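A short write-up of the structure that comes next.
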Amino acid sequence: LERIYKLLTRGERTSNVGSPIISLLISAYGALGRYGDAKRVFDSLEGPSDAGCLRAILFACGNTSPPKWEEALGLLHSSDIVGESIGPTHVDAIAVSNAMIACAKADEWEEALQLLRLYGGNRTSIVAFNALIASCGRSGRPDLAMEVLNEMDVFEVTPDTVSFRNAVIACNQAQHAQRLNVKSEATSLFEWWECALSLLRRMQENGLPPDIQTYSSVISACESAGEWQRALGILQSLLDESNNDQKGVNLFCFNSAISACEKGGAWVEALELYERMKANAIKPNTITFGSLILALDKAGQKELSRDIYREGVRGRILNPWRTTLDKAGTEIRAMDLHHYSAALARTAVRNHLEALLEKGLSRATISDDFVIIVGKGLRSVEKPVLLDTVVTLLADEYGLRLGADADNEGRIVVPSDALEDLVDRKSWR
């Protein structure tokens, strides 16, 4: 196309003569994300643009990174293209849609919404509506995401699966924001998990099959609200559909449901979900083990927690051990709990000490210190966030009264002689 374009004379580079080649070339560069080349070709037009070239350059504005939303608005508002628009404003509907998409991708939802209000009609593309809904959700305006979804019928545009999915994701994001106390006027008006659940039912009533991302977002919203029974119910319906339609249930669905059970104190149900994951050949990750162990830790299920932890270690999903240096510069093996929750840290330390006791080691066989790295941590203010957790565990359960290493406050060292004394004291078990 570029070679053909270069063969066009200046007089042929007009919308009346060369538009088919020029608009195709602009679109091709736009599809590749090469906005600079698309704009170069567009600017080479002699005289006014036509609808095809305007649509193409606005498409290019929205398909580059970052989106050229300001350029898109400037091009649209400086154009007098009527195109095939049947609305009262007589602006090309596809051009408006492409400009909306450019604004929405840049999360300039106000501009995209204004374009919809000014120029929207029944020929506004569903892609533009969906992009606007997603942008409102990402910007913390689930109320407007719902408003745009509900207004689609007014514009005689039927919402599709993506429309509902984007609105559900917006509700899920708002519910999580509520849990984190990141409240605004837009997110504090509703229980957004209920809204997500309502959208799921509405999809089904409209004959639109929800996809996995929609299901997982609804489950996640219920999890965030502590509605573990509803989360389980949705997961069960998804599993039933999966058996019939061979659709895959993803890891995120199970992780959200397990986390919901943890928040609701339903550790038995969380454990059952973990077993069902394995039965469905879904490999757990660190989030799975973190949520499940937290549920068991809250319930005081130390042995079960340790069993699950060992499964994670055997599967090479959990591995707290790494090589580091002591103050003399010698390589040592240490348990690194930097990225562990308090429950997971307790279980890891407990598992190591219990393994020592179960082996029945003699004093002569214990030669190395037990080094635990608790880290400074992103949320630490004056001391490592896991320091108190590990120190309390060592003292209360094993009688090891230790503090942070004097040379490194992010590290606890259990001396080998303290481990020897522990084995002697607990040898009767």
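Side notes on the structure shown:
- Residue in the stretch 80-92 that is modelled with pLDDT of 90 or more and open to solvent by less than 20 Å² (accessible area, probe 1.4 Å) present: no
- Ala328 being free of Cβ contacts under 8 Å to residues at least 12 places away in the same chain, farther than 22 Å from Thr389 by Cα and hydrophobic (A, V, I, L, M, F, W, C): yes
- Sole exception among (1) modelled with pLDDT of 95 or more; (2) closer than 26 Å to Cys61 by Cα; (3) open to solvent by 20 Å² or more (accessible area, probe 1.4 Å) for Ile133, by number: (3)
- Close pairs (6 angstrom Cβ cut-off, 6 or more residues apart or separate chains): more than 14 Å from Leu1 (Cα to Cα) in the stretch 13-36, in a helix (DSSP H, G or I) anywhere: Tyr35/Ala60
Per-residue answers, yes or no, for (1) within 19 Å of the chain's Cα centre (by Cα); (2) assigned to a helix (DSSP H, G or I); (3) crowded, with 18+ Cβ neighbours inside 10 Å:
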| site | (1), (2), (3) |
| --- | --- |
| Glu110 | no, yes, no |
| Leu115 | no, yes, yes |
| Leu118 | no, yes, no |
| Gly137 | yes, yes, yes |
| Ala145 | yes, yes, yes |
| Glu156 | no, no, no |
| Phe164 | yes, yes, yes |
| Ile169 | yes, yes, yes |
| Gln173 | yes, yes, yes |
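- Screening Ala279, Ala299, Ala345, Ala295 for residues that are loosely packed, with under 15 Cβ neighbours inside 10 Å and either modelled with pLDDT under 90 or not basic (Lys, Arg) (or both) leaves exactly one candidate, Ala279.
- Some residue of the stretch 239-259 being open to solvent by 10 Å² or more (accessible area, probe 1.4 Å), assigned to a helix (DSSP H, G or I), among the aromatic types (Phe, Trp, Tyr) and farther than 21 Å from Glu194 by Cβ: no
- Qualifying residues in the stretch 16-27 (those that are in a helix (DSSP H, G or I), open to solvent by less than 40 Å² (accessible area, probe 1.4 Å) and not hydroxyl-bearing (Ser, Thr, Tyr)) - the one nearest to Thr64 (Cα to Cα): Ile26
Conditions tested, residue by residue: (1) assigned to a helix (DSSP H, G or I); (2) buried (at least 16 other Cβ atoms within 10 Å of the Cβ); (3) at pLDDT below 95.
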site: Phe190; (1), (2), (3): no, yes, yes
site: Leu199; (1), (2), (3): yes, yes, no
site: Gln204; (1), (2), (3): yes, no, yes
site: Gly207; (1), (2), (3): no, no, yes
site: Glu223; (1), (2), (3): yes, yes, yes
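- From the list Ser217, Ser237, the lone residue that is free of Cβ contacts under 8 Å to residues at least 24 places away in the same chain, out of contact with any Asp or Glu (no Cβ under 8 Å at 6 or more places or on another chain) and on the phi < 0 side of the Ramachandran plot is Ser237.
- Cβ-Cβ distances below 8 Å connect the following pairs, each with a first residue in the stretch 37-66 that is closer than 18 Å to Met100 by Cβ, a second residue that is acidic (Asp, Glu), and a separation of six or more residues or different chains: Ala51/Glu84; Ala51/Asp92; Leu54/Asp92; Arg55/Asp92; Cys61/Glu71.
- Residue list for the stretch 302-319, restricted to those being polar (S, T, N, Q) and at pLDDT 95 or above: Ser305
- Selection status of Arg13, open to solvent by 80 Å² or more (accessible area, probe 1.4 Å) and of a type in the set (Lys, Arg): no
- Applying the criterion of being aliphatic (A, V, I, L, M) and buried (at least 24 other Cβ atoms within 10 Å of the Cβ) to the residues of the stretch 54-74, the residue that is modelled with the lowest pLDDT is Leu54.
The values are calculated or read from the model by the stated rules, or taken from the named source; none is laboratory data. Values in this document were obtained by computation on a predicted structure and should not be read as measured data. Positions of Cβ are generated from backbone atoms using ideal geometry, with glycine treated the same way; all protein chains shown enter the neighbour counts. In case anyone asks, the SASA skips ligands and DNA or RNA and just uses the protein heavy atoms, side chains included. Shrake-Rupley method; radii C 1.70, N 1.55, O 1.52, S 1.80 Å.
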